[in-house]
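**Student:** Got a structure here, written out as structure tokens. Questions coming.
Readers should treat all values here as calculations from the given coordinates under stated rules, not as data from a laboratory. Just so you know, these numbers come straight off a predicted model, no measurement behind them. Every residue, glycine as well, gets a Cβ built from its backbone with ideal geometry; the counts of neighbours run over all protein chains shown.
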């Protein structure tokens, strides 16, 4: 299945591309970072690798074009979270995805929205992956409430973001892993680094979308 979807929320339509491979064993919703869109070549590359691994993807624009032009709105984490939750509830109501485990993939500020949404959804979300994210912006209270396994991927040369991810990692109380990709900067533009991100994400989702989220045991 490949279809353009429109999800109503806050008097706007969240536009997204939903792609489900045959016999998909889960769906990952993508929350992009500030100033990006569902057409992000990096997120689309990761999404393609996930689909090759049997995981469906929903790439979407959580902000309208007008909202995305507003610098402050780009960093409105509660707004991004609310939109991501709306997309999650919509997906849970569709007959073709009703019983599929769900995960979140967040980049930059989208990682904070993914973690806030995961904290809100509890066991309904099976796994989260953050790429070069700002999970610290989710807030310590929300981070402590995340129950699903969470993977934080950071570039080895992204010094400030490494420190912020370490702070968020310490606040998480779920099964978790922090992986630093050697030789990578914030956007993983160096040869081979984005491929490492995609493979790590695919392995994480393959592992944790394979079983119902409520059966995942915390390891920390």
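**Student:** Mean-square fluctuation check for the chain, GNM, Cα pairs under 10 Å: which of 22, 190, 66 is largest?
**Tutor:** Highest fluctuation of the listed residues: 66.
**Student:** Return a whole-number percent for the relative contact order of region 1-155, with Cα pairs under 8 Å and 6 or more residues apart as the contact set.
**Tutor:** It rounds to 21 percent for region 1-155.
**Student:** Right, something else. In nm, to one decimal, how far is the residue 25 label point from the residue 39 one, both placed 7 Å along Cα→Cβ?
**Tutor:** 3.5 nm
**Student:** For the chain, give me the percentage of DSSP beta bridges that are antiparallel, rounded to the nearest 5 percent.
**Tutor:** 30 percent
**Student:** Given a 10 angstrom Cα cut-off, can you work out which residue in 188, 105, 30 is the most mobile in a GNM of the chain?
**Tutor:** In the Gaussian network model the winner is 188.
**Student:** Also: Connecting C-alpha atoms closer than 10 Å in a GNM of the chain, tell me which of 28, 129, 12 has the biggest fluctuation.
**Tutor:** Judging by the Gaussian network model, the answer is 12.
**Student:** Using 0.36 nm per residue of separation minus the Cα-Cα distance, give me the extension gain between residue 3 and residue 89 in nm, one decimal.
**Tutor:** Result: 29.2 nm gained on full extension.
**Student:** Here's another thing I want to ask about it. Give me the one-decimal nm value for the distance between modelled label points at residue 206 and residue 189, 7 Å along each residue's Cα-to-Cβ direction.
**Tutor:** Placing both labels 7 Å along Cα→Cβ, they lie 3.1 nm apart.
**Student:** Under a no-solvent Debye model with one identical scatterer per Cα of the chain, what's log10 I(q)/I(0) at q = 0.08, 0.17 Å⁻¹?
**Tutor:** -0.23, -1.18
**Student:** Another question, then. Where q = 0.14, 0.24, 0.25 Å⁻¹, what log10 of I(q)/I(0) comes from the Debye formula for region 60-116, counting one point per Cα?
**Tutor:** Here the Debye-derived log intensity ratios amount to -0.41, -0.96, -1.01.
**Student:** Based on other C-beta atoms within 10 Å, arrange 206, 42, 83 from fewest to most.
**Tutor:** By the 10 Å Cβ count, ascending, the order reads 206, 42, 83.
**Student:** For the chain, what is the calculated [θ] at 222 nm in deg cm²/dmol (nearest 500), taking -39500 (n - 2.57) for each run of four or more DSSP H residues and dividing by its residue count?
**Tutor:** Helix contribution divided over all residues of the chain: -11500 deg cm²/dmol.
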